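The values are calculated or read from the model by the stated rules, or taken from the named source; none is laboratory data. Note that the coordinates shown come from a computational prediction; the quantities given were computed from them, not determined experimentally. All Cβ positions, even for glycine, are placed from backbone atoms using ideal geometry, and neighbour counts span all protein chains on display.
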Amino acid sequence: MKNFIKLRTVPHFSYEKGLPQEGNFILGQMNGGNIIVYQAFNNRIADYAIKNQKFGGSSYSFKRMTWIKPNFLWMMYRNGWAEKENQERILAIEISHTGFIELLEQGVSTSYDSYYGNEEAWREKLQNSDVRIQWDPDHNPKGDKLKRRAVQIGIKDRLLEKFNSNFVQSIADITSFVKEQKKKIDNEVDFLVINESIIKVNTALKNKHSIPTNFASEYILNLIKEFETTGEVKNSEFEKLLINNEEKRKEIVDFIKNYTHESFSRYLLKKAIAYRKGKIGTCGCMCEDLLMFSFFVSKNGTAIDFDLIMEAKNTDFDTWCGFDGEMIFYTFGFEKTRAYLKQNIDKFSENTVDYFLDFTEEYLYNDINSRAFWYL
């Protein structure tokens with residue numbers, strides 16, 4: 001299952017950490033500038049899609065409406081973990097984020113909302129639209145309803161053609177992964193799901209689709225406002241975020257899992273490194289703290305961020321041993337990280353580069369990645 005290694009997994013018991021518990025939210029996984037969505041098909045359609053990395057063939061119709069879902073567990077609820085007839089194959093489809101946003105912009109809600117004017121105007125828009133947006137209760141792996149609502153997007157005709165020819169970047173068959181996890185669920189042992197967070201959309205789309213403006217606590221928003229105003233966070237406030245204090249840790253975890261903020265993330269990691277070295281502060285800073293802030297930084301995706309994460313891992317010998325090696329690969333991904341390390345041997349030392357070059361892609365994503373995000 002070669003393409004599956006693009007997907008980051010997490011033990012289910014960690015999945016809900018940092019996620020909103022009610023309201024309309026688009027949950028999914030980003031892969032660089034792309035987003036992963038899911039569909040279930042019969043063998044004929046799935047085989048064609050995998051072979052051609054596009055949809056088509058005699059069994060696939062561009063006139064029928066097809067539904068994509070960015071939320072893995074919502075997909076599992078709808079197709080019964082690959083056990084429903086004609087839904088035996090689960091495909092993870094990587095589409096451009098810009099294409100996903102276009103679908104939301106073109107989409108019309110399947111339920112009436114005053115946003116569209118009166119009901120007659122809404123029905124006319126719905127009838128003439130190639131894209132439909134439907135919100136339903138999210139479900140846990142056992143099928144129980146949650147207060148949070150998940151989105152599915154129906155596409156047909158012109159937009160489906162465009163989805164297939166322009167938006168789709170890659171298609172992977174994850175059926176074996178799904179069946180493996182279902183077996184674990186049936187045997188009541190720990191299982192993996194796709195690690196997901198809130199997919200960001202602009203204010204206009206939030207208003208259109210009744211998505212809450214923010215999923216962040218007042219405390220964290222005020223902390224960011226203080227940083228943006230003064231350029232710093234008081235030590236006493238920073239210490240509330242650390243695992244040994246953790247007065248506000250859950251709130252920062254919720255924010256970090258779902259949002260990015262380049263300057264704020266870099267500031268927090270630099271401050272955590274200084275704490276770890278004992279240069280400032282009145283309490284210790286654990287590896288878990290460095291990992292959490294490093295993950296926040298990795299989402300920025302630049303060389304500055306990679307170098308800062310590497311500095312965090314090299315803080316001291318104990319940190320080097322306790323700081324999870326997979327974090328080094330989060331900023332750029334596997335291949336780009338290897339290339340960057342090779343280009344910067346003088347910066348990081350030959351021994352350090354050789355250590356990370358020994359990581360294999362299969363080991364990184366399949367063996368280690370099941371433990372990723374435990375510190376969140």
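Within the stretch 104-125, the residues that satisfy the criterion of being of a type in the set (A, V, I, L, M) and assigned to a helix (DSSP H, G or I) are 104, 121.
Looking only at residues in the stretch 4-61 that are at pLDDT 95 or above and among the basic types (Lys, Arg), the one that is surrounded by the fewest Cβ atoms within 10 Å (Cβ to Cβ) is 51.
State yes or no: is residue 83 more than 18 Å from residue 27 (Cα to Cα), surrounded by 14 or more Cβ atoms within 10 Å (Cβ to Cβ) and touching a residue at least 40 places away in the same chain (Cβ under 8 Å)?
no
Residue count for the stretch 323-334 under the criterion of being modelled with pLDDT of 90 or more and farther than 13 Å from residue 292 by Cα: the result is 3.
Every test in (1) outside the structural domain of residue 23 (by TED's automatic domain parsing); (2) more than 17 Å from the chain's Cα centre (by Cα); (3) assigned to a helix (DSSP H, G or I) is passed by residue 204 save one, and that test is (1).
Restricting attention to the stretch 115-135, the residues that are under 31 Å from the mean Cα position of the chain (by Cα) and exposed (fewer than 15 other Cβ atoms within 10 Å of the Cβ) total 1.
Take the residues in the stretch 8-44 that are in contact with a strand residue (DSSP E or B) (Cβ under 8 Å, 6 or more places away or on another chain) and of a type in the set (D, E, K, R), then tell me which one is nearest to residue 95 (Cα to Cα). Top of the filtered list is 8.
Yes or no, residue by residue, for (1) under 30 Å from residue 267 (Cβ atoms); (2) buried (at least 18 other Cβ atoms within 10 Å of the Cβ); (3) among the small types (Gly, Ala, Ser); (4) not assigned by TED's automatic domain parsing to the domain that holds residue 266:
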| site | (1), (2), (3), (4) |
| --- | --- |
| 142 | no, no, no, yes |
| 157 | no, no, no, yes |
| 167 | no, yes, no, yes |
| 172 | no, yes, yes, yes |
| 178 | no, yes, no, yes |
| 191 | no, yes, no, yes |
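Of the residues making up the stretch 179-199, those that are in contact with a strand residue (DSSP E or B) (Cβ under 9 Å, 6 or more places away or on another chain) and assigned to a loop (DSSP other than H, G, I, E, B) are 190, 191, 195, 196, 199.
Which of the residues spanning the stretch 185-201 are farther than 12 Å from residue 259 by Cβ, under 23 Å from the mean Cα position of the chain (by Cα) and charged (D, E, K, R)? Please lay out each step first, then the result.
The initial filter retains those residues of the stretch 185-201 that are farther than 12 Å from residue 259 by Cβ, namely 185-196, 201.
Narrowing further to those that are under 23 Å from the mean Cα position of the chain (by Cα): 185, 190-196, 201.
190, 196 - these are the residues of the stretch 185-201 that are farther than 12 Å from residue 259 by Cβ, under 23 Å from the mean Cα position of the chain (by Cα) and charged (D, E, K, R).
Per the conditions (1) crowded, with 18+ Cβ neighbours inside 10 Å; (2) under 23 Å from residue 14 (Cβ atoms); (3) out of contact with any Asp or Glu (no Cβ under 9 Å at 6 or more places or on another chain); (4) hydrophobic (A, V, I, L, M, F, W, C), the sole criterion not satisfied by residue 242 is (3).
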